[in-house]
Amino acid sequence: MTIDIDFADHQVRLGEAVRELLSRRNTPEVIREVEAGGRGFSGEHWNEMAGLGWLGIDIPEQYGGAGAGFLDVYPLFEELGRALVLGPYHDTVGVGANLVLELGTEQQKDAYLPGIVAGDCIMSLALLEASGGFAADDVELRADANSGGGHVLTGTKLLVGWALDATTIIVPALSHEGISLFLVEPDADGLSCAPLDNLPADALFEVAFEGVAVGRDALLGSLGGGWEPLQAAMIRGAVLQAGTIVGAARTVLEVTNQYAKDRVQFGIPIGKNQAVQYMVSDILIDLHRADLLNRQAAFRIDRGQLHRREAAISIAFAKQASRHLHRQAHEAHAGVAFIDEHVLTLYSKHAKLWENHFGDARHYRQMIADVLAG
């Protein structure tokens, strides 16, 4: 039995339109400017995508979105990877909007979803803590009930992306009832952000919550009922991120293959050497495997089918492949691609974030084992 995992015509056309625009807008020079700017993304690009309706593709029409499905937004994220467009797309569109749709009250939906569509609402997920793990047991930030019906948050989150530009931070916290999710404003009293140095100069922060008081309207979903919905939203977001890895791999393959044709050594292109051919072939194989596995997961999500096993397999492989294919690309280029001026360095640096954002490969391999164990 064959399985059709080809995108529909309108989805292909969307990908082509995004690719055409980003090829002109997001040049390597622009990427370097974004890295140097400290924000981690281009506000101009963010607003332009909002104006084109790309931030609200799968948000219902009643909140200003297009009301389309998961597969309709997937080509956008693949092209973001191909052009290496940096920004809070995965946190805001991939995870935040989904959580608000699934768990939010009507007041919360009205407050946040139109803002996401318009580009006015930027969400950041504050998950990691000192343990560095992605499991429920790794959440230690406390949410203690106060007399006003709200909660007081105490603890520290690490590697929080775009915290200074975010209008809302999604914070999993350990309440008396279990893990709960809170929507916290970055300017709340007692909240502070400290930048964390990192190789690709992404906007990552340590966010400290020192007795941050939030009202009952900050609770997203039910008390103690936040972990499973968060896991489901993170899986969706990680599948979109795996699509970004696939898109980036297409550029890495193109750059490496062209270099193997152009670089002449001892009178012949280095691509004539079998060892270099193996390296380029490894990139191609990783790309195709990641693409096929991720399409299967994306199609199951779009159709409302059970997808945790397939998604975990695709995400784990994509994160593993991201590390391997970039290494092979650098091997083929030898020393030249390690200089900051080379385009491959831009991709390989930011791929390190993709390896761990929303959980690393080990986290998803454990998820596969848990699903198989029943």
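Nothing in this text is a laboratory measurement; each read-out follows from the coordinates by a stated rule. This structure is a prediction, so every number in the text was calculated from the model and none was measured. We place every Cβ from the backbone using ideal geometry, glycine too, and count neighbours over all the protein chains shown.
Give me the number: length gained by fully extending residue 303 to residue 217, i.e. 0.36 nm times residue separation minus the C-alpha to C-alpha distance, one decimal in nm.
27.7 nm
Tell me, what does the Kirkwood hydrodynamic radius of region 1-132 come to in angstroms if you use every pair of distinct C-alpha atoms?
For region 1-132, inverting the mean 1/r across all distinct Cα pairs yields 15.9 Å.
Students often forget the sequence filter, so: which lysines lie under 28 Å Cα-Cα from residue 109 once same-chain residues fewer than 8 apart are removed?
Result set, ordered by chain and number: 157.
Give me a comma-separated list of calculated 3J(HN,Hα) values for region 83-93, in order, Karplus coefficients 6.51, -1.76, 1.60 applied at θ = phi - 60°, integers in Hz, x for any Gly or Pro.
After applying 6.51 cos²θ - 1.76 cosθ + 1.60, I find 8, 6, 8, 8, x, x, 5, 5, 5, 7, 7 Hz.
What distance in nm separates the two pseudo spin-label positions at residue 66 and residue 140, each 7 Å out from Cα along the beta-carbon direction?
4.4
Subtracting the Cα-Cα distance from 0.36 nm times the residue separation, let me have the gained length for residue 356 to residue 369 in nm, one decimal.
In short, 2.8 nm is gained.
Would you calculate the separation in nanometres between label points at residue 27 and residue 106, each defined as 7 Å from the Cα along the Cα-to-beta-carbon direction?
Going by the 7 Å Cα→Cβ label model, 5.1 nm.
What size of dipole, in debye to the nearest 20, comes out for the chain about its Cα centre when the only charges are +1 on Lys and Arg C-beta atoms and -1 on Asp and Glu C-beta atoms?
About 1280 debye.
Which ordering of 278, 364 is given by a fewest-first count of other beta-carbon atoms within 10 Å?
Exposure proxy ranking, most exposed first: 278, 364.
Quick check: pseudo-label points 7 Å beyond the Cα along Cα→Cβ at residue 339 and residue 192, how many nm apart are they?
That separation, rounded to one decimal, is 4.3 nm.
What does the convex hull of the alpha-carbon atoms of region 281-338 project to on average, in nm²?
4.0
Which of 365, 295 has the fewest other C-beta atoms within 10 Å, and how do the rest follow up to the most?
365, 295
Where in the chain are the DSSP H helices whose alpha-carbon span along the long axis reaches 30 Å or more and whose Kyte-Doolittle mean is at least -1.0?
Those that clear 30 Å and a mean of -1.0 are 227-262, 274-302, 308-333.
Per DSSP H run of n ≥ 4, the term is -39500 (n - 2.57); total these for the chain, divide by its residue number, and report the mean residue ellipticity at 222 nm rounded to 500 deg cm²/dmol.
That calculation yields -17000 deg cm²/dmol at 222 nm.
I need the calculated FRET efficiency for the pair residue 177 and residue 277, taking r as the beta carbon distance and R₀ as 51 Å, to the nearest 0.05.
0.30
Percent relative contact order of region 125-220, based on C-alpha pairs within less than 8 angstrom and at least six residues apart?
After rounding, I find 31 percent.
Over the alpha-carbon set of region 231-374, divide Rg by the Kirkwood Rh and report the Rg/Rh ratio to two decimals.
Over the Cα atoms of region 231-374, Rg/Rh equals 1.06.
Before anything else, pin down the relative contact order of region 227-373: Cα pairs under 8 Å, at least 6 apart, normalised by residue count, whole percent.
Result for region 227-373 is 30 percent.
Determine the gain in length on full extension of the stretch residue 266-residue 5; use 0.36 nm per residue of separation and subtract their C-alpha separation, reporting nm with one decimal.
89.5 nm
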